[in-house]
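What follows is a short report on a single structure.
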Amino acid sequence: MPSLNKVNANLKEDSRRYCSVEASQENAALVGTAVEVQYWLLVEYNRAWKPKALLDNDLGDLINTHLDELPREFAALSGLKLRVQFVKQASSRIRKYPKILIARGIDHPSLFERQLVQPDDLLHLSCEQILDPVTAGFTPLQDSIVLVCTNGQRDVCCARFGLPVYASLDADLGDRAWQTTHVGGHRYAPNILHLPSGLLHGFVSAEEAPEVVRALDQGKLTLDRLRGRSALPPASQAAEVFVNRDREQRANTYLTWLDQVELDQHTHKVRFLDPHQQMVTVELRTSLSEPVLASCEGKAKPVKEFELIAIE
């Protein structure tokens, strides 16, 4: 598959350091780098996004405060992690009434949507409604959706490399493709998040993006681009990729996650069930890399990496 050097070949060269170009050139490890999220709340917001889009926008202080507090309230209520994102589509698809979408990535992954009549409707969105969307008037969706991080105000790599990927997917998928504010990991841009599965892929070029999504829709993984399944803790994300690589298995329903145990500060044991209800145990080690450019505007810092010890 093409590297970001090839993706960038037709763009004017400059002297700027791009975090995702450096990461691609260094063959940065992708496994276990997805932000852990069990529920995604997606709010359609079609105006220009600022660096801190969820806090700096035209929705007003009351709505911004409510959206900012929801993840903490959700964790206190359910013990699960909620992430709030802004999403939008091409200008030709702007609706009179924007949408809210909820993606659940655990148990039986599922996706729901509802239209907003007015922005203040967001003030009445509660954690209980997110946990039980149908009762709150959300409609279940049968098709998956795909998010591409494109917020160049947050990090220039997301726009420079993400926007061509979104354009490619918009042409291929139509309403199933969305731009989003930030999925974490600028240095892995372009990033594609598939929902409701929560599978996050990085370093995906515009040319290969439709192929990656078609594979996901068929229950297959593109392992050399897979960052992880966001519903799982990072070590478990890495363990799932290691097992699929080892067994040359591409079905993303192949393993059922059971638990993750920390054996010591740097060693984890992760347990899965395979389709035959047989236990699969993965032991892996974590370490910190040398300092790397984590974002275009940030300072170099170490990132966590995972090394397979054994699969039983």
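The values are calculated or read from the model by the stated rules, or taken from the named source; none is laboratory data. Keep in mind it's a predicted model, so treat the numbers as computed, not measured. Cβ atoms come from the backbone with ideal geometry, glycine included; neighbour counts cover every protein chain shown. Each accessible area value is taken on the protein alone, full model and side chains, heavy atoms only, with ligands, DNA and RNA left out. Shrake-Rupley method; radii C 1.70, N 1.55, O 1.52, S 1.80 Å.
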| Net charge of neighbours whose Cβ lies under 13 Å from the Cβ of C19, counting Lys and Arg as +1 and Asp and Glu as -1 | +3
| task | Name the residues whose placed amide hydrogens come within less than 5 Å of the amide hydrogen of I145, ignoring near sequence neighbours (fewer than 5 apart) on the same chain. | result | L195
| note | Rounded to whole Å², per residue accessible area for region 150-297 with a 1.4 Å probe reads 39 Å²
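Just want to confirm a number: the relative contact order over region 188-249, from Cα pairs under 8 angstrom separated by 6+ residues, in percent.
28 percent
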| ³J(HN,Hα) computed for each position of region 218-233 - Karplus, 6.51 cos²θ - 1.76 cosθ + 1.60, integer Hz, glycine/proline x | 8, x, 10, 10, 9, 5, 7, 10, 7, 8, x, 8, 5, 5, 9, x
| message | Net charge around K52, counting only other residues with Cβ within less than 15 Å of its Cβ (Lys, Arg = +1; Asp, Glu = -1)? | response | -2
| note | Taking every alpha carbon pair in region 221-312 and sorting the distances into 10 angstrom bins from 0 up to the bin holding the longest one, the percent per bin comes out as 16, 46, 27, 10, 1
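Just add up the charged neighbours of T281: K/R +1, D/E -1, any other residue whose Cβ is under 13 Å from the Cβ of T281.
Neighbour charge sum, excluding T281 itself: -4.
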| remark: Expected vector for region 68-75, Karplus 3J(HN,Hα) from phi with 6.51, -1.76, 1.60 and θ = phi - 60°, integer Hz, x for Gly and Pro, equals 5, 7, 4, x, 5, 5, 5, 5
| Accessible surface of region 1-152, 1.4 Å probe, proportion on carbon and sulfur as whole % | 49 percent
| 3J(HN,Hα) from dihedral phi, region 193-200, Karplus parametrisation 6.51/-1.76/1.60, rounded to Hz, x for glycine, proline | 10, 9, 10, x, 4, x, 7, 10
| Fraction of accessible area attributable to carbon and sulfur, region 165-274 (%, probe 1.4 Å) | 45 percent
| query | How about region 218-305: which GluC sites (Glu not before Pro) there lie in a loop by DSSP and see at most 13 other Cβ atoms within 10 Å? | reply | E248, E297
| Inter-part distance where region 95-134 and region 188-240 are each reduced to a Cα centre, Å | 23 Å
| task | Identify, among P164, L195, F138, the residue whose Cα sits farthest towards the positive end of the charge dipole of the chain, taking +1 on the Cβ of Lys and Arg and -1 on the Cβ of Asp and Glu, with the dipole about the Cα centre. | result | P164
| query | The list (i) 29, 25, 19; (ii) 59, 22, 17; (iii) 35, 28, 18 gives values of semi-axes √(5λ) of the Cα gyration tensor in Å, and only one came from this structure; which label was calculated from it? | reply | (i)
